[in-house]
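Take a look at the structure below.
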Amino acid sequence: MTTVSDDFNRSDENLETSSNWTNFGTGSLQVTSNAVSARSANIAPKTGYTGATFGNDQKASTDILDLASGNSWFGICVRAGTGSSGTQGYSAEVRPNGDIECYRSGATLIDDIAAGVSVSDVVEIEASSTTITVRVNSSDVGGGTDASWSSGDPGYVAYMPSGEVGTNIFDNFSATDVLGGATYTLTADPGSY
């Protein structure tokens, strides 16, 4: 079982400078003041944690330190990567008003969640088989089903349109494999002692 975390407690840098992170989108996320953010305008990064090998069923979470403003958003993703038609993955995108939109590859809406996310909340997304679940502070708030992407890496997604420079800051990334599937029943056999 793979479990990783990144608290971003290091010198300011592009997130992808670390050998554990790979950018699948355009633009770059930054480590600034021991947190991660999108600080440049006109970018749409999707950054996966590629410093470990994850199973197909996985979840990722992050702490919210600030919300985006304007038309910007920031989120957490699973099964991220580059597919034949561009970037792939499932994301829980936190909007400036605290709502979460759960997307497949940023183009197909799976669920629009009036989550009321605020500073200090923890947002999580999980992909287990074809079930996508979004949680806030460990409580299920939405999701859906989709079978488009079966593998990839957990990570971050963001959008910062031209003319906007955001303060959308997240911290304490965590990702792990999701174990599931078979259920076993153990039965004692008194005759085998």
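Quick look at the values:
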{"read-out": "Fraction of the pair-distance distribution of the chain above 20 Å, Cα-Cα pairs, percent", "value": "51 percent"}
{"read-out": "Solvent-accessible heavy-atom area per residue, rounded to whole Å², over segment 1-131 at 1.4 Å", "value": "41 Å²"}
{"read-out": "Full-extension gain in nm, THR131 to ARG10, via 0.36 nm per residue minus C-alpha separation", "value": "40.1 nm"}
{"read-out": "For segment 6-114: Kirkwood Rh in Å [reciprocal of mean 1/r, alpha carbons]", "value": "14.6 Å"}
{"read-out": "Gain upon complete extension [LEU179, SER151; 0.36 nm per residue less C-alpha separation]", "value": "8.6 nm"}
{"read-out": "Carbon + sulfur, % of accessible area of the chain - ligands and nucleic acids excluded, 1.4 Å", "value": "45 percent"}
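The values are calculated or read from the model by the stated rules, or taken from the named source; none is laboratory data. This one's a predicted model, so the numbers in the text were calculated from it and none came from an experiment. These accessible areas exclude ligands, DNA and RNA; they are computed on the full protein's heavy atoms, side chains included. Shrake-Rupley method; radii C 1.70, N 1.55, O 1.52, S 1.80 Å.
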